[in-house]
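Note sheet for the following structure.
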Amino acid sequence: MTTTTSTPTTLHPAPTGALNLARTTATAARVLRQLLHDPRTIALMLLVPCVMLFLLRYVFDGSPRTFDNIGASLLGIFPLITMFLVTSIATLRERTSGTLERLLAMPLGKGDLIAGYALAFGTLAIIQSALATGLALWFLGLDVTGSPWLLLLVALLDALLGTALGLFVSAFAASEFQAVQFMPAVIFPQLLLCGLFTPRDNMHPALEAISNVLPMSYAVDGMNEVLKHTDMTANFVRDALIVAGCALLVLGLGAATLRRRTA
Amino acid sequence: MMNYSSVRSDPPDEPAIRAETLNVVRGTRQVLRDLDFTVPRGQITGLLGPSGCGKTTLMRAIVGTQAKVTGTLDVLGRPAGHPTLRTRIGYVTQAPSVYDDLTISQNLAYFAAILDPGHTAADRRHENVTRAIADVDLTNHADALAGNLSGGQRSRVSLAVALLGTPELLVLDEPTVGLDPVLRRDLWALFHDIAGSRGATLLISSHVMNEAERCHRLLLMREGQILADDTPDALRTRTDSETVEAAFLHLVDEAVAAARAKETTR
């Protein structure tokens with residue numbers, strides 16, 4: 001047992017409103033470290049999308065054009081779904097285990113926590129998307145006109161959107177059962193309306209209007225732009241900005257659900 | 001907005017915690033009613049009372065995580081929940097709040113990085129982590145996953161997190177629940193050391209009355225109100241009791257009788 005002579009008040013300045021880089025990266029490193037203790041989850045996150053793409057390639061063995069369309073869209077949808085699930089469960093655990101309350105009683109900004117999660121799962125999403133994109137392009141013969149880097153960019157933005165949505169809905173889930181049920185509630189309607197099954201302009205006008213305000217539609221549109229055009233088109237830039245904007249907006253909403261004082 | 005930086009240190013004779021007509025409502029229920037008390041600095045104050053009497057709510061109000069708090073509640077010279085207090089208070093919840101999928105040292109390293117961030121502080125953080133793990137006697141388990149530890153060990157990890165930043169005020173919610181007698185004795189020795197040599201203030205809740213004898217001062221609570229605020233000796237003398245437990249029961253009976261008398265005169 002030792003005594004310390006340090007005076008904590010002068011050592012640790014009070015947190016300011018801005019992001020603290022050291023606290024953000026410490027949080028991201030902690031989230032990744034937690035995952036490292038759970039190799040099965042990592043393996044599932046990285047391998048399942050690859051296996052699905054592989055399956056899809058041979059389901060559409062007779063019509064490679066269909067595989068091109070659906071495959072490219074799925075490269076954007078997988079990261080969104082995986083990150084949604086992982087984030088909603090991870091933050092729910094943070095809320096129920098009391099660690100969130102402990103962190104918010106410490107000098108951790110809400111922004112630091114959210115940015116830390118986004119950074120950690122974003123890193124994982126890059127690895128996942130790189131694996132899936134690489135497999136699709138070079139082994140499964142996915143025919144993409146544009147640059148694979150643009151596919152990766154959209155995939156990363158989708159992953160951020162998934163993280164943001166997961167964080168947000170975890171505030172409304174009281175248990176892990178509920179959190180998992182938010183997946184079909186939040187993701188499936190977007191999946192049906194995003195243009196994966198049929199082009200959005202073929203839908204009933206009412207549904208098309210709804211699909212126009214759902215972020216996943218723009219994720220799929222962006223992927224299709226890369227599929228069909230060699231250059232970065234204006235439509236691609238618009239789609240990517242919309243997805244990124246939605247992700248930031250929902251992250252902001254997620255931050256608002258973290259309360260330092262609770263009943 | 002006050003300029004806090006000019007107020008370097010509060011006068012030492014000022015209490016660590018001062019509450020005046022403190023009220024807390026949860027839902028429709030009034031959990032704390034018009035509390036008035038002070039907690040002196042550099043001492044161990046025990047917060048005792050049956051489960052459900054409002055101990056945890058009071059502690060959450062003090063550390064600033066409880067919503068719907070009205071009245072005056074000053075902690076270390078600032079209103080409770082003030083941002084500058086976040087590095088000066090260590091809080092341990094009743095259920096251990098640590099990451100089960102991290103090792104003990106990884107848990108502590110993360111919380112240390114939140115309290116004292118940056119590369120330049122790395123050595124100091126490492127020292128603090130090693131000391132905190134030694135303080136709760138878990139050095140041999142430092143690389144074990146928190147989820148694989150026993151209940152008592154996990155609550156000690158949670159306690160170690162609160163010891164990290166050498167806080168001026170430690171708020172501990174039932175820290176010795178479920179621990180064996182040897183560990184309990186060691187932890188109480190640690191608490192006295194923290195109060196004595198580090199000059200920190202400790203507020204420790206318990207519903208085990210024999211732990212009360214080890215505190216410098218006691219706050220006895222019942223149904224959201226404070227029954228007594230005194231030293232253990234003074235309490236026993238005043239109620240003519242052998243133990244604090246007997247003193248508490250005496251005070252409860254008195255309070256019940258007073259409440260009945262009030263009912264009948266109405």
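Under 1.5 on a/c is rounded, so check that first for the protein assembly as shown, then, if it is not, pick prolate when a/b is larger than b/c and oblate when it is not; a ≥ b ≥ c are the square roots of the alpha carbon gyration tensor eigenvalues. Cα axes put the protein assembly as shown in the prolate bin. Listed by chain and number, the lysines whose C-alpha is less than 28 Å from the C-alpha of B:LYS68, apart from same-chain residues fewer than 8 away, are A:LYS110, B:LYS55. Annotation for the stretch B:196-250 versus the stretch A:54-94: alpha-carbon center distance of 61 Å.
Computed from Cα positions, the angle between helix A:215-228 and the longest principal axis of chain A comes to roughly 50 degrees. Note on B:MET221, A:MET106: ascending count of other Cβ atoms within 10 Å places them as A:MET106, B:MET221, the fewest first. Legend: ranking of residues B:SER51, B:SER205 from fewest to most surrounding C-beta atoms inside 10 Å; resulting order B:SER51, B:SER205.
Panel note: the C-alpha atoms of the stretch A:21-256, placed on their principal axes, show extents of 56, 39, 33 Å (largest first).
Prolate is the label for the stretch A:42-146. Its Cα gyration tensor axes, ordered a ≥ b ≥ c, give a/c of at least 1.5 and a/b above b/c. Altogether, the Stokes-Einstein calculation at 25 °C and 0.890 mPa s, with the Kirkwood radius of the stretch B:204-266 over Cα pairs as Rh, returns a diffusion coefficient of 200 µm²/s. Farthest toward the positive end of the dipole of the protein assembly as shown, out of B:THR21, A:ALA174, A:MET216, is the Cα of B:THR21, where the dipole comes from beta carbon charges about the Cα centre. Rounded to the nearest whole angstrom, the semi-axes of the ellipsoid equivalent to chain B, taken from the Cα gyration tensor as √(5λ), stand at 33, 22, 17, largest first. Considering only B:LEU85, B:LEU47, B:LEU251, the mean-square fluctuation computed in a Gaussian network model of chain B, springs between alpha carbons under 10 angstrom, is largest for B:LEU251. State the Cα centre-to-centre distance between the stretch A:192-215 and the stretch A:121-136 in whole Å. Answer, in whole Å: 27. When the GluC sites (Glu not before Pro) in the stretch B:172-266 are filtered for DSSP coil states and for at most 12 other beta-carbon atoms within 10 Å of their beta-carbon, the remaining sites are B:GLU242.
Kindly identify the stretch A:18-75 as rounded, prolate or oblate by the Cα gyration tensor criterion: order the square roots of the eigenvalues as a ≥ b ≥ c, call it rounded if a/c is under 1.5, otherwise compare a/b with b/c, prolate if a/b is larger, else oblate. In terms of gyration-tensor shape, oblate.
Computed from the coordinates by the stated procedures, all read-outs in this text should not be read as laboratory data. Fair warning: this is a prediction, and the values are worked out from it, not measured in the lab. Glycine gets a Cβ as well: all are built from the backbone with ideal geometry, and neighbour counts include every protein chain shown.
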